[in-house]
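Each value in this text was obtained by applying a stated rule to the coordinates, not by laboratory testing. Because the structure is a prediction, the values reported are computed rather than measured. Every residue, glycine as well, gets a Cβ built from its backbone with ideal geometry; the counts of neighbours run over all protein chains shown.
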Amino acid sequence: MPSRIDPATRIAALRAQCDGPRDGALLRVMLGQALADAGQHAAARAEFERALGFDAGYSAAWKFLGHARLTAGDAAAAAAAWRQGIITAEARGDVQAAKEMRVFLRRLEAAGD
């Protein structure tokens with residue numbers, strides 16, 4: 001059974017690729033996920049925002065940004081990210097991502113009632 005990579009090692013390896021020829025939305029989302037898994041939510045949020053700077057049409061980045069914003073206690077910003085993510089996902093034909101973000105948004109709205 002393969003061993004799990006230490007979170008700090010994974011984060012360092014991903015950060016080493018930033019600002020290089022492989023930098024882009026996918027790398028920043030991967031880094032954001034690694035940071036979120038390590039409990040570094042503010043840094044994760046920043047990486048998801050950077051991912052969207054590379055590709056504002058990347059549905060998964062909107063989804064993860066919404067989660068990062070919600071974890072930071074900013075429900076309004078999370079809802080805004082998911083709303084934009086739904087629009088983006090539908091424009092790209094990414095039905096599953098749009099469906100997931102609708103569920104997250106409904107749950108958030110229901111919790112606010």
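Label separation (ARG106 vs ALA42): 3.5 nm, computed from points 7 Å beyond Cα along the C-beta direction. Using the Cβ of THR9 as centre and a radius below 13 Å, the other residues enclosed give a net charge of +1, where K and R count +1 and D and E count -1. May I ask for the distance between the Cα centers of the range 4-36 and the range 42-86, given as a whole number of Å? That distance is 17 Å.
Residues of the range 71-113 falling in the label zone of ASP55, defined by backbone nitrogen less than 15 Å from a point 7 Å along Cα to beta-carbon, are 88-95, 97.
Given a cut-off of under 8 Å on Cα pairs at least six residues apart, what relative contact order in percent is computed for the chain?
On the way: 136 pairs, mean separation 19.8, N = 113.
Here the relative contact order equals 17 percent.
Kindly provide the helix-only [θ] at 222 nm of the chain, computed as the sum of -39,500 (n - 2.57) over DSSP H runs of four or more divided by all residues, to the nearest 500 deg cm²/dmol? The partial results should precede the final answer.
Values: 6 runs with 87 residues, N = 113.
Estimated from H runs of four or more residues: -25000 deg cm²/dmol.
Counting Lys and Arg as +1 and Asp and Glu as -1 over every other residue whose Cβ lies under 15 Å from the Cβ of ALA89, the net charge comes to +1.
Count Lys and Arg as plus one, Asp and Glu as minus one, and take only other residues whose Cβ is under 11 Å from that of GLU49; the net charge is then +3.
Ignoring the sites themselves, what is the longest stretch of the chain with no trypsin sites (Lys or Arg not before Pro) in a DSSP loop and at most 13 other beta-carbon atoms within 10 Å? Before the final figure, lay out the partial values.
Working: sites that count: ARG4, ARG22.
Maximal segment without exposed cleavage sites: 23-113.
Could you tell me whether the range 7-112 comes out rounded, prolate or oblate from its Cα gyration tensor? Rule is a ≥ b ≥ c as square roots of the eigenvalues, rounded for a/c under 1.5, then prolate if a/b exceeds b/c, otherwise oblate. Oblate.
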